[in-house]
Amino acid sequence: MTENFPQLSSFDEPSLDAAFATLAEEVRTADTTDIEAFRLHWLGRKQGRLKLISEAWLKSAPPEAKKALGIRFNQLKQQIEAALEAPAPSTTRTARAEQGIDITLPGTVRAPGIPHPLLKTMHEIVSVFHHLGYSTNLGPQVESDFYNFEALNFPPNHPARDTQDTLLIAAQQSRPSRDRLLMRTHTSPVQIRTMIAQAPPIRIVIPGKVHRNDAADATHSPIFHQVEGLCVGPNITFSDLKGTLDHAMKALFGSDVRTRFFPSFFPFTEPSADVQISCIFCGGKGCRKCKHSGWIELLGCGMVDPAVFAAVTEERRKINPADDAYNPEKITGFAFGMGVERIAMVQHGISDIGHFYSGDMRFLEQFAS
Ligand code: PHE
């Protein structure tokens, strides 16, 4: 505003020097922390002080004083521009900005990692059984035909093998069929490995990756995860199996959940059952998720088939011919196997298995709690 700049009473050089000295001092001592405010204050197009000075003084100066006034005006302008470019010594912000580092900007934030939702569910399942006194056993993913099929009562060429479309390792034809290698189709071979190595009582869970030659779709993936369970000892009954799995399902899905056991078939268990839980989405009334049945099928189980104990005994007798640890007259057991993806999909209401493997952070971040 022009009134900020009273007209100069005189345009002689000492008067001009005095007037500009005051302005120069003002610029020198100005606070440049907010550099943009400083720029506007002096160089603003409409209200900047230079503009006001030029309006108040330059325009009304007598012609003979214009040159002296112009020189001083330009000096002041240069001083302001220099101040704009120079770092303000009092502030690290601009000093660092000069070096290309602005320490006041937020840094690169590295989010802490979280367990993958599948691993989380796998640990949850395993931990439910750890609380029941089970321990964990692992086995190889490249497995022999014997452990994956034969010892589990799938004879060579038996149609039961068709239920587990198998990825075979190449160039195995010259080997005896029991030694041929394949990608394990389930975690059950670790039941056999454990029983050959260890006498009863046995209570183990077996988490791990399994492989099947299945085309990927919303509910299938050629690589997926299972948690297997095996409990063997004197007097283990089907009601132990029911009680154990009913407890596990309540621990995983909430105490309101009910379970029911449907007759099924697996070569290595007799009798065999599929376990269903009451639909956690509708409470059993029937909805789209449970196909209006009120029940969701979750896992397979059964009592260990005596043929499995026989295969184990045959192996154990290669080391100790008198071995009788798995005599089916004295020893019984149950086994169960569940798909981790399936459980996690029901837990979280996920409809496409592919989300687990996509690596999409928008999906994964939802499990960061
Ligand atoms: N191994 C079976 C499967 O993958 C599941 C299962 C395990 C069934 C243990 C019964 C007992 O289909």
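Computed from the coordinates by the stated procedures, all read-outs in this text should not be read as laboratory data. Remember, it's a predicted structure, so these values are computed and weren't measured experimentally. Positions of Cβ are generated from backbone atoms using ideal geometry, with glycine treated the same way; all protein chains shown enter the neighbour counts.
Residues in the range 130-153 that are of a type outside the set (S, T, N, Q), over 15 Å from residue 187 (Cβ atoms) and within 16 Å of the ligand (Cβ to nearest atom): 145, 146, 150.
Taking the stated definitions as given, is residue 239 assigned to a loop (DSSP other than H, G, I, E, B) and either in contact with a strand residue (DSSP E or B) (Cβ under 7 Å, 6 or more places away or on another chain) or among the hydroxyl-bearing types (Ser, Thr, Tyr) (or both)? No. If a residue has to be of a type in the set (A, V, I, L, M, F, W, C), within 20 Å of residue 238 (Cα to Cα) and crowded, with 18+ Cβ neighbours inside 10 Å to count, how many in the range 276-327 make the cut? Result for the range 276-327: 8. Can you name every residue in the range 228-256 that is hydrophobic (A, V, I, L, M, F, W, C) and away from the ligand (no atom under 16 Å from the Cβ)? 251, 252, 253, listed by residue number.
Under 9 Å between Cβ atoms, at least 6 apart or on separate chains: pull out the pairs that start in the range 236-257 with a residue that is under 27 Å from residue 270 (Cβ atoms) and free of Cβ contacts under 8 Å to residues at least 60 places away in the same chain and end on any residue that is part of a loop (DSSP other than H, G, I, E, B) and among the charged types (D, E, K, R). Listed pairs, sorted by first residue: 246/258; 249/258; 250/256; 250/258. For residue 285, state whether it is part of a loop (DSSP other than H, G, I, E, B) and either in contact with a helix residue (DSSP H, G or I) (Cβ under 9 Å, 6 or more places away or on another chain) or within 23 Å of residue 241 (Cα to Cα) (or both). So residue 285 fails the test.
Scanning the range 257-297 for residues that are within 11 Å of the ligand (Cβ to nearest atom), within 20 Å of residue 231 (Cβ to Cβ) and in contact with a strand residue (DSSP E or B) (Cβ under 9 Å, 6 or more places away or on another chain) gives 264, 266, 268, 269, 270, 271, 272, 273, 274, 275.
Restricting the range 311-360 to residues that are closer than 15 Å to residue 200 by Cβ, of a type outside the set (S, T, N, Q) and in contact with a Pro (Cβ under 8 Å, 6 or more places away or on another chain) leaves a set whose member that is nearest to the ligand (Cβ to nearest atom) is 333. Taking the criterion of being within 29 Å of the chain's Cα centre (by Cα) and of a type in the set (Lys, Arg), the residues of the range 284-311 that qualify are 288, 289.
Find all pairs meeting these conditions: Cβ atoms under 7 angstrom apart; at least six residues apart or on different chains; first residue within the range 258-273 and more than 18 Å from residue 186 (Cα to Cα); second residue among the small types (Gly, Ala, Ser) and more than 10 Å from the ligand (Cβ to nearest atom). So the pair list comes out as 258/278. The set of residues from the range 149-179 being surrounded by 15 or more Cβ atoms within 10 Å (Cβ to Cβ) and among the acidic types (Asp, Glu) comprises just one member, 150.
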